[in-house]
Each structure stands twice: as C-alpha cells, then as structure tokens.
Amino acid sequence: MMATDNIAYEEMIKGIWRDNPVFVQVLGMCPMLAVTNSAINAVVMGVATFFVLVGSSFLVSAFKQWIPKQVRISLYIIIIATFVTVVDYSLLAMLPAIHKELGAFIPLIVANCMILGRQEAFASKNTVKFAVMDAVGMSAGFMIALFSLGAVREILGVGALFGFDLFGPDFEPWVIMILPPGGFLTLGLLLLFFNWMTEKRKQFLIQLAEVDNETIKVKANG
Amino acid sequence: MSDSIQEPGSRRLIMSMAIAGFISGFIIIAIYLLTFDTIKENKARELQQAVFKVLPGATKMQKLHYENNQLVLVHIDGVDDEMIFAGYDEKGQFIGYAIQGAGPGFQDTISLLFGYLSTEKMVIGMEILDSRETPGLGDKIFKDMDFVNEFKGLSIKSDLKAVKKGKKIKETEIDAITGATISSKAVVKIINKAYKKWSPQIPPVGNEPAWVENNTAQKTESQ
Amino acid sequence: MDNLIWIFISTLLVNNFVLAYFLGLCPFLGVSGQLATSFRLGLATTFVLFITALCAWILNTYVLIYAPYLRLISFIVVIASTVQFIEMSIKKLSPALFKSLGIFLPLITTNCAILGLAIFATNRGYGLLEGLTFALGAGAGFTLAMVLMAGIREETEITDVPVLIRGTAFNLIIAGILSMAFMGFAGLFSST
C-alpha cells in the first residue's frame with residue numbers, strides 16, 4: 001500500500017519538474033505563448049487546461065478496455081473536445097471579461113498536443129489512480145510554466161502583477177514583453193535557464209560520483 | 001485465435017464511436033442550456049452599458065434593424081452589422097443613436113460604437129469595443145481620457161479629421177494622440193465610414209423612433 | 001476588394017499566424033531544420049488551410065446556425081476526415097504529389113493553426129470569399145515564417161553556438177527576433 005502511494009506520488013511530482021511538459025518536453029507551446037501576456041490570463045488558462053486534462057485522463061483510463069484501438073485517437077479527441085466545450089461555455093458565463101481576452105485560445109486547448117499526448121502515452125495504459133495523479137502533476141507543471149511566463153511578462157511589460165502596480169509611476173514598462181516577440185524571448189530564456197539548471201545538476205552528480213570513487217579507492221588502499 | 005480480439009468488427013468500432021458521440025453531444029447540450037441565459041444576459045448587459053456610455057443620459061435602449069430601406073424596431077437577441085441602437089432617457093424621451101463601426105487599425109481590426117445626435121449632426125461619445133492595438137501606445141485610443149472626451153460633442157457636418165496635437169482649428173477636427181497617430185486616424189476613419197453608411201438611412205429629424213414599452217429586457221424576464 | 005487585400009496582407013505580415021498568434025508552433029520549431037522540407041510543409045499546410053476554410057464556411061452556414069454548441073467538435077471531426085479523404089485520393093491519383101506533400105497531411109491536421117483558422121474566421125464572421133483569402137494569407141504567412149526560420153537555422157548549423165543554448169531555447173530566441181522584425185509591418189494599412 002505504501003509502495004503504490006509512493007509511486008503515485010512520484011507520478012505526480014515528475015510532471016512538475018523532471019518531465020515538465022513545457023520546459024522539458026516542449027509541448028503545448030501555442031496556448032503557452034499566446035495567453036501569457038498577463039498573470040491572470042495565464043492562471044485562468046492553466047485552470048482550464050487542468051480541468052480538461054484531469055477529466056479526460058480519468059475517462060480514458062476508466063474506459064480503456066472498451067476503447068477499440070483503431071478509433072482510439074478519434075475517441076480521445078471527442079472526449080477532450082467535450083471537456084473543452086464545457087470549459088468554454090462555463091467561462092463565457094462566469095468570467096466574460098477574461099473569456100473575451102483569451103478568445104479563440106480556449107477552444108484551441110483541444111489542439112494542445114500535451115493533452116492528447118498524455119492520453120496516448122499514459123492514461124490509456126494505466127489505472128485510474130495513476131492516470132489522474134499523472135494528469136494532476138502534468139497540468140500543475142503546465143500551470144507553473146504558464147504562470148512564470150505570464151508573471152515575468154506582466155512584471156516587465158506593465159510593471160504590475162495581477163493588475164497591482166509594483167514599481168510606481170517612474171517605471172517605464174518594457175512594452176515589447178507583452179507583445180508577441182516578448183513571449184518568444186522570455187520562453188527562450190526560461191528554457192535556457194532550465195537547461196543550465198539541469199546541466200549544473202548533472203555536473204554535481206558526476207562530481208559526487210567521483211568523490212565516492214575516490215573514497216572507495218582510498219579505503220581499498222588504506 | 002486472438003484475431004477476433006485484435007481486430008474488432010467494424011460494427012463495434014461504429015458502435016463505440018456512436019456511443020461516445022451520443023454522450024458527448026448530451027453533455028455539450030446540457031452545458032449549453034445551463035449557461036445559455038447567463039451568457040445572453042452578459043452580452044445584453046455589455047451592449048447596453050456601451051450604448052449608455054456613448055449616449056450620456058440614456059437609461060433605456062432599443063435595437064433598430066435596417067431592412068427594406070427603412071429602420072425597423074426589432075426585439076431579437078444578438079447584434080449584426082445592419083443594426084443601430086436608439087437610446088432614451090427615463091421618461092422615454094429620445095436621446096440619440098449609437099452606431100457601430102469597424103475597420104483596420106494599427107495591428108488588427110478595431111470595432112467601436114459612437115453616439116450620434118441627428119438634430120445637431122454631432123458625435124456625442126465613443127467607445128472602443130474590441131481592438132488589439134499596441135499596449136502603452138495604440139491602446140490610448142480607449143485609455144487616454146483626453147482623446148475619448150474629444151468625441152463628446154464633436155460636430156460631424158463634414159468628415160472628421162485627426163490632426164497633430166494642438167493644431168485643431170475646425171470644429172470637425174480632433175487632436176490625435178502623440179505616439180499613436182495611426183490608431184487615432186484609424187478611429188476617425190472608422191467613424192467617417194460608418195457615418196457615411198448610416199446617415200442616409202437614419203430617419204429625418206423629428207421622425208425618431210418612439211420608445212415602445214415591453215422591450216427585449218422585459219421580455220427576457222417574463223420568459 | 002479592398003477588404004480582401006487587407007485581410008490577405010494583414011494575415012500574411014502584420015498578424016502572421018506563427019509570429020503574432022503563435023499558431024502552428026510545433027512544426028515551426030520541430031520541422032524547420034531544412035529549407036526544402038519547410039517550403040513543402042508550408043505548401044501542404046496552405047492547402048489544408050484552404051480546405052479548412054471551405055469546410056468551416058459550409059458548416060457555419062448550413063449546420064451551426066441551428067446548433068452553435070457543436071462548433072468545436074464538428075470542426076475537428078469534419079476537417080480531420082476531409083483531409084484524410086483528400087490524402088487518400090491524392091495517393092491514388094498522383095503518387096508523385098503524394099510523395100512530396102501527402103506525407104505531411106495527417107501531421108498537419110493536428111496542428112493548431114488549422115483549428116485556429118476555423119475559429120478565427122467564425123469569430124470574425126467572414127464570408128466564403130473572405131474566409132478563403134484569410135486561409136491563403138495564413139498559409140502564405142506560415143510558409144514565409146517556416147522558410148525564414150529554416151534559412152536562419154541552416155546558417156546557425158555551421159556557426160559556433162554554445163551547446164547549452166542549442167535546441168529549442170535558441171530557436172525560440174530566433175523566433176522572437178523574427179517576430180520583432182515582423183512587428184515593423186504594423187500600420188501598413190491605416191497610414192493614410
């Protein structure tokens with residue numbers, strides 16, 4: 001029991017850092033860049049994606065033995081599109097202002113390759129519990145990526161976060177950050193930072209291994 | 001032996017697709033019906049607020065549709081390009097028309113609404129409904145209140161013209177925003193275009209459509 | 001006519017699908033390694049976009065006015081099956097054409113530019129002619145961005161780029177600079 005709990009926990013955690021869908025797997029770029037010109041848009045998009053991914057992963061893993069292999073992709077798409085339509089109408093009813101800003105990018109969640117990818121690679125092969133854990137982790141990772149991009153762009157591009165002024169009237173905003181080029185550049189730099197962190201960690205592990213080897217050698221000699 | 005399991009018959013494929021389609025259709029229709037009223041109200045409220053903003057003093061509105069060479073009062077949901085809005089004060093006194101316009105801006109299409117006083121041939125308010133102008137520069141067309149206020153009481157006896165800030169001489173000229181000249185000119189151009197289209201279709205002064213009780217808003221409530 | 005030219009130029013340059021709307025980024029970042037492939041992929045995408053605009057218009061005019069809530073699902077299903085059908089017919093009718101363009105078709109259908117086009121065209125209320133022009137502009141813009149990107153990437157192959165930057169991060173930074181250059185086209189139509 002403990003063991004499976006640990007594995008399930010692992011499945012969830014991996015999406016946040018080690019297999020982060022955006023920074024490591026480079027999936028779901030289109031909504032990632034288009035809606036992250038402010039932190040609030042990024043968060044709403046993240047929540048919408050969370051709902052769609054967790055819902056579809058749950059359904060796909062629960063009904064996996066009844067889904068014929070030949071038509072599985074079409075079925076996944078129908079399931080995903082249903083959830084997206086639900087999200088689309090709910091947002092339109094509850095948050096019309098944000099829906100207007102996100103506009104066409106809510107329906108485009110369907111075309112987010114991360115969601116279909118998780119169904120094909122994970123949910124269709126695993127139990128409901130693991131599939132949901134994996135979906136929660138992946139969408140949390142996606143949300144973190146969306147938020148960091150949105151926050152950086154809003155802070156630099158408007159000088160505010162969630163609409164609250166941070167730097168006072170003397171700050172000259174870097175307008176380019178909330179325009180399309182800012183999206184590309186910020187994500188590029190964030191990816192670079194992620195690569196650098198991974199590289200550092202790798203070097204650290206190698207060093208650690210070398211130190212270990214040496215202590216073994218010393219011990220053997222002594 | 002396992003062939004029958006590996007290759008399910010096409011009937012099973014069609015069946016599973018049909019069941020999935022049926023369930024998904026059911027869910028979609030359910031959410032559509034659940035949210036329908038709220039969405040309709042949101043949209044109607046949004047439009048109403050925009051109309052009241054460009055027609056100062058208006059508290060009621062009705063939709064006018066141009067068909068068969070005349071403006072007719074309509075009580076339908078939704079808005080199309082052949083529609084303008086009439087604003088009235090509390091007593092049902094006619095105030096003015098709110099006219100929609102759209103056209104190319106600096107980045108993308110700008111759509112707007114402006115209030116028109118046919119007795120004075122005057123623009124009495126302007127509201128940008130949708131635009132993707134550059135933040136910090138082009139978006140001043142709705143964030144810069146000096147610019148927006150210029151449209152409150154602007155004669156439109158001839159074409160409007162945007163001129164460099166401080167160079168305004170004629171009553172039909174307005175000061176463009178510094179750093180957003182193209183966006184300012186685009187707004188003026190859109191208003192001119194919409195005015196050209198609508199001015200022959202608006203009934204002559206004195207024949208304004210009267211306020212008719214039992215309008216759309218009340219109808220929705222009674223439904 | 002003016003309107004059509006504005007739609008075409010605006011989607012080609014000012015509001016380029018890839019560089020301003022971030023649509024079709026997967027192939028843009030993934031397949032843009034070689035100039036020749038990029039160009040062919042661009043052509044194939046333009047073709048699919050054209051078919052999509054046609055399908056979207058038919059659906060919007062004849063089906064979706066009665067059932068607006070089925071928009072998303074019917075777009076996906078109809079577009080995917082139409083493209084699949086065309087792929088099969090090209091395979092049968094012209095194997096040469098299939099070899100150069102057809103292999104991309106199934107890949108393209110899942111590209112968000114396709115669905116994006118259908119949704120944008122609907123949201124803006126485009127008619128048939130406007131929709132088709134929009135599709136051609138979007139396709140040409142996609143091809144242009146792909147070819148530019150591939151050209152730059154072929155050049156960077158032989159330069160000394162630090163290992164850490166290579167890959168997606170580098171491509172994104174190039175795309176950012178391209179996107180900045182394309183911003184210069186803004187205001188092209190309203191300067192008078």
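Just so it is clear, none of the values below were taken in a lab; they were calculated from the coordinates. No experiment lies behind these values; they were computed from the predicted model shown. Neighbour counts are summed over all protein chains in view; Cβ atoms, including those assigned to glycine, are modelled from backbone coordinates with ideal geometry.
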For residue B:164, counting only lysines whose alpha-carbon sits under 17 Å away and dropping same-chain residues fewer than eight positions off, the answer is B:140, B:185, B:189
Within the under-12-Å Cβ sphere about residue C:150, not counting residue C:150, Lys/Arg +1 and Asp/Glu -1 give a net charge of -1
With DSSP loop assignment and no more than 14 other C-beta atoms within 10 Å, the GluC sites (Glu not before Pro) in the range B:128-193 are B:171
Mean other chain Cβ within 10 Å across C:24-32 is 3
Here the protein assembly as shown gives, from Cα atoms, an Rg and Dmax in Å of 27.6, 111
Note on chain C: helices (DSSP H) long enough, at least 30 Å by alpha carbon along their axis, and hydrophobic enough, mean Kyte-Doolittle at least -1.0, are C:35-58, C:71-93, C:128-157
From fewest to most C-beta neighbours within 10 Å, the residues B:170, C:92 line up as C:92, B:170
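Averaged over A:86-99, how many beta carbons belonging to a partner chain fall within 10 Å of each residue's beta carbon? Provide the component values of the computation, followed by the final result.
Values: counts 7, 1, 6, 11, 4, 1, 5, 10, 4, 1, 7, 2, 0, 2.
Partner Cβ neighbours, averaged per residue: 4.
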Rounded to whole angstrom, the alpha-carbon centroid of the range B:9-29 lies from that of the range C:124-192 at a distance of 40 Å
Sorted by chain and number, the residues with a modelled amide H under 5 Å from that of residue B:156, at a separation of 5 or more or across chains, are B:122, B:123
With Cα coordinates, the longest principal axis of chain B makes an angle with the long axis of helix B:10-54, in degrees rounded to 10, of 20 degrees
In degrees, nearest 10, the alpha-carbon axis of helix B:181-198 is tilted away from the dominant principal axis of the alpha carbons of chain B by 90 degrees
Two pseudo-spin positions, 7 Å from Cα along C-beta at residue A:196 and at residue C:85, lie apart in nanometres by 5.4 nm
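Highest mean first, what order results for B:99-105, B:9-15 on Cβ atoms within 10 Å?
Values: B:99-105: 22.0, B:9-15: 12.0.
Listed from highest to lowest mean packing, they are B:99-105, B:9-15.
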Residue-normalised 222 nm signal for chain A, counting each DSSP H run of n ≥ 4 as -39,500 (n - 2.57), nearest 500 deg cm²/dmol, is -24500 deg cm²/dmol
Expected max-MSF residue from A:97, A:42, A:140 in the GNM of chain A (alpha carbon, under 10 Å) is A:97
Under the rule rounded for a/c under 1.5, else prolate if a/b exceeds b/c, else oblate, using alpha carbon gyration tensor axes a ≥ b ≥ c, chain A is classed as oblate
Here the range B:40-222 gives, from Cα atoms, an Rg and Dmax in Å of 16.3, 54
Mean per-residue count of partner chain Cβ within 10 Å for A:182-194 equals 6
Note on chain A: helices (DSSP H) long enough, at least 15 Å by alpha carbon along their axis, and hydrophobic enough, mean Kyte-Doolittle at least 0.5, are A:39-62, A:72-94, A:128-158
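For the range C:21-183, which semi-axes, largest first and in whole Å, follow from the square roots of 5 times the eigenvalues of its Cα gyration tensor?
Numbers: eigenvalues 193, 74, 31 Å².
Equivalent-ellipsoid dimensions as semi-axes: 31, 19, 12 Å.
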Highest GNM mean-square fluctuation among B:185, B:168, B:91, for chain B with Cα springs under 10 Å, belongs to B:91
Checked against a 30 Å limit on the C-alpha separation, the offending pairs among B:40/B:91; A:125/C:99; B:60/B:157; B:152/B:193; B:63/B:167; A:64/C:99 are A:125/C:99; B:63/B:167; A:64/C:99
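Add -39500 (n - 2.57) for each DSSP H run of 4 or more in chain B, then divide by its residues: what number comes out at 222 nm, to the nearest 500 deg cm²/dmol?
On the way: 6 runs with 83 residues, N = 223.
After summing the helix terms and dividing by the residues of chain B, the value is -12000 deg cm²/dmol.
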Taking placed amide H atoms and a strict 5 Å upper bound, the residues 5 or more places from residue B:162 or on another chain that come that close are B:174
Rounded to the nearest 500, the 222 nm mean residue ellipticity computed for chain C from DSSP H runs (n ≥ 4, each -39500 (n - 2.57)) alone is -22000 deg cm²/dmol
